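The values are calculated or read from the model by the stated rules, or taken from the named source; none is laboratory data. Quick caveat: nothing in here was measured; it's all calculated off a predicted structure. Neighbour counts run over all protein chains shown; Cβ positions are idealised from the backbone, glycine included. Accessible surface areas use protein heavy atoms only, side chains included; no ligands, DNA or RNA. Shrake-Rupley method; radii C 1.70, N 1.55, O 1.52, S 1.80 Å.
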Amino acid sequence: MHAFKQDDTPQPAPGRRNFLIGAPACLLALGSLSTGTRAAGAEHTLPPLPYPIDALDPVLSANTLGYHHGKHHKGYVDNLNRLLAGTELAGHPLEAIILRTAGQPAQAAVFNNAAQVWNHNFYWQSLRPRGGGEPPAELARRLDEAFGSVAACKKELAAAAMAQFGSGWAWLVADGGRLRVVRTSNAELPLTQGLRPLLTVDVWEHAYYIDYQNRRADYANAVLDRLINWDFALENLHRHA
Ligand code: MN3
């Protein structure tokens, strides 16, 4: 139970994971979760998973989601709130904090934790139970134009997941009107490069080590074949059009 714990997030008490079970049905509405996490009290909050904690099993186990969401993701939220307390960035929306701190070495801790909160909010929505399969026709057409086929897009996403040395993310993005696959290191994200994310695959070891150990390719292919949420990608394409 140690190999995957590589980002040194704080470890809350075990009971804290219980609230994940039985997320309200309203949260199942795809795309209804904001990628900003500012609560009324100005602190950033951990959004519940948009599906029950065991809903991605057996591709991703409840154990993986319990650690990944309840400890890693929560750890970034808690770190961010602690770092922002009493600063002039406190109370600002998440994306604004990310864009204000990107590329500034003195703000690296704030950027890393804010970006990881955003990335994980986006990752959970990029997956869904019984996902994968054929994208909606409009997205399939766009993927055909950009990559030649849906299969070629998935192959490029899997290759990006494998090519990322160490921790990071593989993304489908809109670059202006063109769809592309990009990868980022650690907490980096396409927003800071003017690219609009459509979906992402987390390739930090904590995303897959419990279920796949060192087999990152098996994890990436299983996610792309069986969990990826093409509807969410299309919603994002429309949102940013
Ligand atoms: Mn992660």
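Within segment 89-100, is even one residue within 16 Å of the ligand (Cβ to nearest atom), at pLDDT below 95 and outside any helix (DSSP H, G or I)? No.
If only residues of segment 182-202 that are within 16 Å of the ligand (Cβ to nearest atom) and among the hydrophobic types (A, V, I, L, M, F, W, C) are counted, the one that is nearest to HIS238 (Cα to Cα) is LEU199. Considering the conditions (1) outside any loop (DSSP other than H, G, I, E, B); (2) closer than 28 Å to VAL59 by Cα, PRO129 is excluded by exactly one of them, (1). Being open to solvent by less than 10 Å² (accessible area, probe 1.4 Å), in contact (Cβ under 8 Å) with a residue 40 or more places away in the chain and of a type in the set (A, V, I, L, M) is true of LEU172.
The requirement of being more than 16 Å from the ligand (Cβ to nearest atom), within 14 Å of LEU157 (Cβ to Cβ) and not in a helix (DSSP H, G or I) is satisfied by LEU179.
With respect to ASN112, is the statement that it is within 16 Å of the ligand (Cβ to nearest atom), in contact (Cβ under 8 Å) with a residue 12 or more places away in the chain, open to solvent by 60 Å² or more (accessible area, probe 1.4 Å) and on the phi < 0 side of the Ramachandran plot true? The answer is yes for ASN112. Among the residues of segment 219-239, those identified as farther than 20 Å from ARG130 by Cα and open to solvent by 60 Å² or more (accessible area, probe 1.4 Å) are HIS238, ARG239. When segment 40-66 is filtered for residues that are within 16 Å of the ligand (Cβ to nearest atom) and within 19 Å of ASN112 (Cα to Cα), the ones remaining, listed by number, are LEU46, PRO47. Could you tell me whether any residue of segment 208-220 is without any contact (Cβ under 8 Å) to a residue 40 or more places away in the chain and among the basic types (Lys, Arg)? Yes, segment 208-220 contains at least one residue that is without any contact (Cβ under 8 Å) to a residue 40 or more places away in the chain and among the basic types (Lys, Arg). Considering only segment 176-218, state which residues are open to solvent by less than 50 Å² (accessible area, probe 1.4 Å), within 25 Å of GLY148 (Cα to Cα) and among the acidic types (Asp, Glu). Hit for segment 176-218 is ASP202, nothing else.
For segment 203-227, the set of residues classified as within 16 Å of LEU65 (Cβ to Cβ) and not in a loop (DSSP other than H, G, I, E, B) consists of GLU205, HIS206, ALA207, TYR209, ILE210, ASP211, TYR212, TYR219, ALA222, VAL223, ARG226, listed by residue number.
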